[in-house]
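The values are calculated or read from the model by the stated rules, or taken from the named source; none is laboratory data. The model shown is predicted, which means the values in this text are computed figures rather than measured ones. As a convention, Cβ positions derive from the backbone with ideal geometry for all residues, glycine included, and neighbour counts pool all protein chains shown.
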Amino acid sequence: MAFKPNYNQQRAERNRAKEQKKQEKLQRREEGVAARRAGDPDGTETQDESLATDTDAETKTDTNNA
């Protein structure tokens, strides 16, 4: 005779698998972010971001010169 199903165990296994899949996806996304920050291979830096860094650099040099 077969065992009766253990629904709590099955549910726990499904939740573990779901959480593991979530963690793997999060890790892939974090690796992508790190790669983009390291070299920006996709060219995703926008004009506004480059202007923001330029103005920050100018502000620092202006305060150092004064």
Checklist outcome for this item: Considering residues that are surrounded by fewer than 10 Cβ atoms within 10 Å (Cβ to Cβ) and polar (S, T, N, Q), the number found within region 7-22 is 2
Item to check | Qualifying positions in region 1-37 - of a type in the set (Gly, Ala, Ser) and not in a helix (DSSP H, G or I) | outcome: Ala2
Next on the checklist: Based on this model, can you work out whether Gln47 counts as of a type outside the set (D, E, K, R), surrounded by fewer than 10 Cβ atoms within 10 Å (Cβ to Cβ), at negative phi and modelled with pLDDT under 60?
Outcome noted: yes
